[in-house]
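S.K.: Structure provided below as structure tokens; questions to follow.
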Amino acid sequence: LQLEEDEAKDSFDVDVAVTNPEKVVQFKDTSLPMFRSKAFTVRRRYSDFLGLYEKLSVKQSLLGCIIPPPPEKSVVGMTKVKVGMDDPSSVEFVERRRAALERYLQRVVSHPSLLQDPDVREFLEREELPRAVSTQALSGAGFLKMINKASDAVNKMTIKMNESDTWFEDKFQEVENEEQQLRKLHALVDSLVNHRKELCGNTAVFAKSMAMLGNSEDNTALSRALSQLAEVEDKMEQLHQEQAASDFFIFEELLADYIRLLGAMRGCFDQRMRAWQRWQEAQSTLQKKREAEAKLLWANKPDKLQQAKDEITEWEARVTQYERDFDRVGMTVRKEVLRFEKEKAKDFKSQIIKYLEAMLQSQQRLIKFWEAFLPEAKAIA
Amino acid sequence: MRSCCQEGLDDGPDFLSEEDRGVSPRAVNVDLQTDATLQVDISDALSERDKVKFTVHTKSTLPNFKQNEFSVVRQHEEFIWLHDSFVENEDYAGYIIPPAPPRPDFDASREKLQKLGEGEGSMTKEEFTKMKQELEAEYLAIFKKTVAMHEVFLCRVAAHPVLRKDLNFHVFLEYNQDLSVRGKNKKEKLEDFFKNVVKSADGVLVAGVKDVDDFFEHEKTFLLEYHNRVKDASAKSDRMIRSHKNAADDINRIASSLYTLGTQDSTDLCKFFLKVSELFEKTRKIEARVAADEDLKLADLLKYYLRESQAAKDLLYRRSRSLVDYENANKALDKARAKNRDVLQAETSQQLCCHKFEKISESAKQELIDFKTRRVAAFRKNLVELAELELKHAKGNLQLLQSCLGVLKGNT
């Protein structure tokens, strides 16, 4: 299929990074000749990101593109940050938001069509953006509602689509299955993150109690060994904390992103169905117009006849247009799905490898800690 | 639920450390010299619905016994009976009585197995089998532990120069009928409770009196603090290890989920998922073993010394009480001499108290020194083994990760 050939020549050099998210976001990127300069920085608000998404959705999704969704709004998280709270969960929230926005932008710019979009260019380059309004719809619940609204419209269709090519049906089913599996996996990884954080806390507490025990112990060598053990456990706590962060930021967020992306993909399948629906409705309207014309001919009303003929011409044009649109959307969706699957495979592989490498480093450090402790234990006499 | 553990408890689940399979757990928490004149072990154990039956096996060259080698079946209550008989024996007031083994407690494990049975319909066959295997392994681990703890108690008694000669102990070892030691009824349990309350009240009173003897003064201060800190460390080690087990369980489920994802199709990504799932399966087995080893080498060690330090404290209390008795007898004697009435009686009483106090002090000193030696040796052994096992497992994990990453990166 020649669609796959087209995929091969897509390669980009755009790097987007998001830093310093403290209500205002700024980022810089090095980029292609189409931009003004090689590297530049602009400041953006979170609502700007949402605004970009909304603009893109309205335009591009009609064509069957998969628009990456931005991270969801979080009233609790943002309130804490605004109030200036410094606790670990706020810090984590800020970092989470920053990383998610960065990934969001990277996905947008790695999409060949979206990169060409003037709204994207404006977002990346323009000094000051007008404040985005009506971004209310884009909280997590809002996003889901939007997707589901499209599905509802499809479900209400009275005429069942007769697919000559089962590709779309099969793919849609696949996507639904995968989304379900990823949700399950996401919940499991979340549980792991929580247990690791618990382990972290319990290890710290245990380390302290070992230090106390070491203080009480009146055999000198044993006392020292117990204190050393307490130190090892302290270091283990550090390791557990880093591991939990890795579990979350690399693994869990990857899954969360793809659950949302699969939702977006379902959305574009639905867009195709609506395009089909539009075409069918136009055909049935055309049919009605033709019937009306026939009636007029029979009733011999020449003045109304011209109007009827004009309407028929208009609707014939529409039918042709809508059929063309439908075919084009179908082709775009196929292309998008292929591109998405490639991206997804690449993403998962690289992130999971990163995750495993973090685990590997963790084990290496663990080995160092215990190797240092072993002679202390042996020295007990 | 019935589970049978045959000879030497060799067929352990693979998540217990190699050490525990086939090697007598006797040496785990205490460093005891094995003595050919009297060797005791638990050669077999049977878990029935609400009780555990231990086969106590004895090898002895002592003339007291009818045979050189014999076995009897005992239950937990009979161990408690033996322990309590030591505690109540005035002659043993000057010794650290080896702490009684805790009651076998399978309630939590049984509950989990029951819940699993109820939830069978809501999971796939693979998930169910997997979870069932895990819970059975957990049950087996608890079972092995309780056997080990009962065995350690007997070995400590057998290694003690005086207690090993105790008649009740010999009856326990040899008498092949039921000892008819029914569990304590409510009244007896209440009596015990009040006895303990009085003892600790006594202890508080007596602890306030500064000892003339520096050695005992130091030991008193030391033991009071040490006991509390071991208690704290023991509780916290349990919590830490439980979190560790929970994390390992999560990794297990993640592995299953990745496997499901991997079997959806035969794309590159799916093959990738299958490989990662395989890695997580292996990794989590190692993590489970780490938690199990930490449990054995650290948590159990702390629990044991919690009980032993309590037994040592009890010895100090008994000594203090006999000191109080001695001092009271002195006062009574002075009074009698002053009134010149019942002097001989008072003198005899005073001499008895003096003798008792001195006897206890002498043996207590040796016992406390031995306690320290045992404690240091046990900690050394277990901490070294803990470190070695942590290293072994970490290296195992490392190797798995390295080889898996090699394959995954090579294929991308």
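S.K.: Step by step: first the residues of the range B:50-75, then only those that are in a loop (DSSP other than H, G, I, E, B) and open to solvent by 50 Å² or more (accessible area, probe 1.4 Å), then the one that is nearest to B:MET149 (Cα to Cα). Which residue is that?
M.R.: Filtering first and then ranking leaves B:LYS51.
S.K.: Among the candidates A:GLU54, A:GLU22, A:GLU102, which residue alone is out of contact with any Leu (no Cβ under 8 Å at 6 or more places or on another chain) and at pLDDT 75 or above?
M.R.: Checking each option against the conditions leaves just A:GLU102.
S.K.: Sort through B:PHE106, B:PHE70 and tell me the only one that's at pLDDT below 85 and within 29 Å of B:LEU179 (Cα to Cα).
M.R.: B:PHE106
S.K.: Could you figure out which of (1) assigned to a helix (DSSP H, G or I); (2) within 14 Å of another protein chain (Cβ to nearest Cβ) isn't true of A:ALA294?
M.R.: Result: A:ALA294 passes all but (2).
Residues checked against (1) away from chain A (no Cβ under 14 Å); (2) without any contact (Cβ under 8 Å) to a residue 60 or more places away in the chain; (3) assigned to a helix (DSSP H, G or I); (4) open to solvent by 30 Å² or more (accessible area, probe 1.4 Å):
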site	(1), (2), (3), (4)
B:LYS282	no, no, yes, yes
B:LEU301	no, no, yes, no
B:ARG307	yes, no, yes, yes
B:LYS313	no, no, yes, no
B:ARG321	yes, no, yes, yes
B:ASP325	yes, yes, yes, yes
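S.K.: With respect to A:GLN243, determine if the residue is within 11 Å of another protein chain (Cβ to nearest Cβ), part of a helix (DSSP H, G or I), under 30 Å from A:LEU192 (Cβ atoms) and open to solvent by 10 Å² or more (accessible area, probe 1.4 Å).
M.R.: When the stated conditions are applied, A:GLN243 passes them.
S.K.: Any residue in the range B:343-364 that's free of Cβ contacts under 8 Å to residues at least 12 places away in the same chain: show its pairings with residues that are surrounded by 15 or more Cβ atoms within 10 Å (Cβ to Cβ) at Cβ separation under 7 Å, as long as the two are six or more apart or on different chains.
M.R.: What qualifies is B:VAL343/B:ALA336.
S.K.: Let me ask something else. Among the listed residues A:LEU338, A:LEU366, which satisfies the condition of being within 7 Å of chain B (Cβ to nearest Cβ) and either open to solvent by 20 Å² or more (accessible area, probe 1.4 Å) or in a helix (DSSP H, G or I) (or both)?
M.R.: The conditions single out A:LEU366.
S.K.: Does B:ALA247 satisfy the condition of being open to solvent by less than 10 Å² (accessible area, probe 1.4 Å), within 7 Å of chain A (Cβ to nearest Cβ), part of a helix (DSSP H, G or I) and touching a residue at least 24 places away in the same chain (Cβ under 8 Å)?
M.R.: In short, yes.
S.K.: Name the single residue that is farthest from B:SER361 (Cα to Cα) among those in the range B:225-234 being at the interface with chain A (Cβ under 9 Å from one of its Cβ atoms) and open to solvent by 40 Å² or more (accessible area, probe 1.4 Å).
M.R.: Applying the filter and picking the extreme gives B:ASP232.
S.K.: To continue, here is another question. What's the number of the only condition in (1) within 14 Å of chain B (Cβ to nearest Cβ); (2) in contact (Cβ under 8 Å) with a residue 24 or more places away in the chain; (3) open to solvent by less than 80 Å² (accessible area, probe 1.4 Å) that A:LEU213 fails to meet?
M.R.: If we test A:LEU213 against (1) within 14 Å of chain B (Cβ to nearest Cβ); (2) in contact (Cβ under 8 Å) with a residue 24 or more places away in the chain; (3) open to solvent by less than 80 Å² (accessible area, probe 1.4 Å), just (2) comes out false.
S.K.: A further question follows. Quick check, is B:THR267 open to solvent by 50 Å² or more (accessible area, probe 1.4 Å) and modelled with pLDDT of 90 or more?
M.R.: It is false that B:THR267 is open to solvent by 50 Å² or more (accessible area, probe 1.4 Å) and modelled with pLDDT of 90 or more.
S.K.: Then there is this: Pairs under 9 Å by beta carbon, first residue within 21 Å of A:ARG290 (Cα to Cα) in the range A:317-339, partner small (Gly, Ala, Ser), six or more apart or different chains?
M.R.: Matching pairs, first to second residue: A:ARG318/A:ALA282; A:VAL319/A:ALA282; A:GLN321/A:ALA282; A:TYR322/A:ALA275; A:TYR322/A:ALA282; A:GLU323/A:ALA282.
S.K.: State all residues of the range A:369-381 that are more than 7 Å from every other protein chain (Cβ to nearest Cβ) and buried (at least 20 other Cβ atoms within 10 Å of the Cβ); if no residue qualifies, say none.
M.R.: A:PHE369, A:GLU376
S.K.: So, one more: Return only the number of the condition from (1) under 30 Å from B:GLU327 (Cβ atoms); (2) more than 7 Å from chain A (Cβ to nearest Cβ); (3) not acidic (Asp, Glu) that B:PHE222 does not satisfy.
M.R.: Condition (2) is where B:PHE222 drops out.
S.K.: Would you pick out the residues in the range B:385-405 that are in contact with an Asp or Glu (Cβ under 7 Å, 6 or more places away or on another chain) and at the interface with chain A (Cβ under 7 Å from one of its Cβ atoms)?
M.R.: Passing the criteria: B:LEU391, B:LEU405.
S.K.: Being part of a helix (DSSP H, G or I), more than 12 Å from every other protein chain (Cβ to nearest Cβ), farther than 30 Å from A:LEU356 by Cβ and not β-branched (Val, Ile, Thr) is the requirement here; does B:SER349 meet it?
M.R.: yes
S.K.: Anything in the range B:38-49 that is touching a residue at least 40 places away in the same chain (Cβ under 8 Å), over 15 Å from B:ARG156 (Cα atoms) and open to solvent by 30 Å² or more (accessible area, probe 1.4 Å)? List them, or say none.
M.R.: If the condition is that a residue be touching a residue at least 40 places away in the same chain (Cβ under 8 Å), over 15 Å from B:ARG156 (Cα atoms) and open to solvent by 30 Å² or more (accessible area, probe 1.4 Å), then B:LEU46, B:GLU48, B:ARG49 are the ones that fit.
S.K.: Any chance the range A:88-101 includes a residue that's open to solvent by 20 Å² or more (accessible area, probe 1.4 Å), closer than 19 Å to A:LYS335 by Cα and among the polar types (S, T, N, Q)?
M.R.: No, the range A:88-101 contains no residue that is open to solvent by 20 Å² or more (accessible area, probe 1.4 Å), closer than 19 Å to A:LYS335 by Cα and among the polar types (S, T, N, Q).
S.K.: Here's something else I'd like to know. Just to check your reading of the model, which residue among A:GLU314, A:GLU323 is more than 14 Å from chain B (Cβ to nearest Cβ), farther than 30 Å from B:GLU385 by Cα and exposed (fewer than 15 other Cβ atoms within 10 Å of the Cβ)?
M.R.: A:GLU314
S.K.: Another question about this same structure. Could you tell me whether any residue of the range A:253-274 is at the interface with chain B (Cβ under 10 Å from one of its Cβ atoms) and of a type in the set (Asp, Glu)?
M.R.: No, there is no match, as no residue in the range A:253-274 is at the interface with chain B (Cβ under 10 Å from one of its Cβ atoms) and of a type in the set (Asp, Glu).
S.K.: Got a number for residues in the range B:250-271 being touching a His at 6+ places or on another chain (Cβ under 8 Å) and not in a helix (DSSP H, G or I)?
M.R.: Final tally of qualifying residues: 0.
The values are calculated or read from the model by the stated rules, or taken from the named source; none is laboratory data. None of these values were measured; they are calculated from a predicted model. When we count neighbours, we look across all protein chains shown, and the Cβ atoms used for this are built from the backbone with ideal geometry, even at glycine. Accessible surface areas use protein heavy atoms only, side chains included; no ligands, DNA or RNA. Shrake-Rupley method; radii C 1.70, N 1.55, O 1.52, S 1.80 Å.
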